[in-house]
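Contents: one structure, followed by commentary.
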Amino acid sequence: MASTTVASDLATLTRHTLAGLRMLLVFTLLLGLAYPLAMTAVGQVAFPWQASGSLVRSDGSHTTDRSEAVGSTLVAQAFEGAQYFHPRPSAAGDGYDTLASAASNLGPLNPDLVAAIEERKDAVAELEGVDPADVPADAVTSSGSGLDPQISPEYAAIQVARVARERGLPVADVEAAVEAHTAGRDLGVLGEPRVDVLELNLALDDAH
């Protein structure tokens, strides 16, 4: 009797195990392969530019060809030169490293962070010719990803005079370019107004 019970329990266990393995295989194929492929296909057909990384050419036009791209509107990158608008600081690797996206993970009272913010504030104030008290927070703090492509309109505003001077342009023209590349709150209520640095700099390069 005992051996019969053991054999029955073993058969039941085997049957349940095989059923579980079959379900694992089915859902792995369905959710791990078929669903991602289907969503990728839909994205490439319905939103090819966005699905390919929101890439842009040097003239600011959209492209899905990586060999033609100079950047992505979704990822910040450093701009060297006083003629460019600068993005917010980055803690991703050595800066703007897409393979090391991260924040500094330093608390608001951490002495190193406080010192870094004060140093950045003084540097930005000197570069832009403004009072340190007028330097906005996003000019001296990195984002959670270290790769945010936008800056606040306030940070863009204090850079206008420098960019206009370096490019030999009227301040009003640069202000108009900033306004043209400023996005409002999503649905009118979500998020904050922001300026895409890459698109703004490329527009200024292309126009002048």
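The values are calculated or read from the model by the stated rules, or taken from the named source; none is laboratory data. Since we're looking at a predicted model, the values are computed, not measured. We place every Cβ from the backbone using ideal geometry, glycine too, and count neighbours over all the protein chains shown. Heads up: the accessible areas ignore ligands, DNA and RNA and are worked out on the full protein's heavy atoms, side chains in. Shrake-Rupley method; radii C 1.70, N 1.55, O 1.52, S 1.80 Å.
Here are some notes:
- Any chance ALA115 is of a type in the set (Gly, Ala, Ser), more than 17 Å from PHE79 (Cβ to Cβ) and open to solvent by 80 Å² or more (accessible area, probe 1.4 Å): no
- Against the numbered list (1) in a helix (DSSP H, G or I); (2) at pLDDT below 90, VAL26 comes up short only at (2).
- Among all residues of segment 42-65, there is at least one that is surrounded by 16 or more Cβ atoms within 10 Å (Cβ to Cβ), in a helix (DSSP H, G or I) and of a type outside the set (Ser, Thr, Tyr).
- Exactly one residue among VAL160, VAL135, VAL178 is open to solvent by less than 20 Å² (accessible area, probe 1.4 Å) and farther than 30 Å from LEU99 by Cα, and that residue is VAL160.
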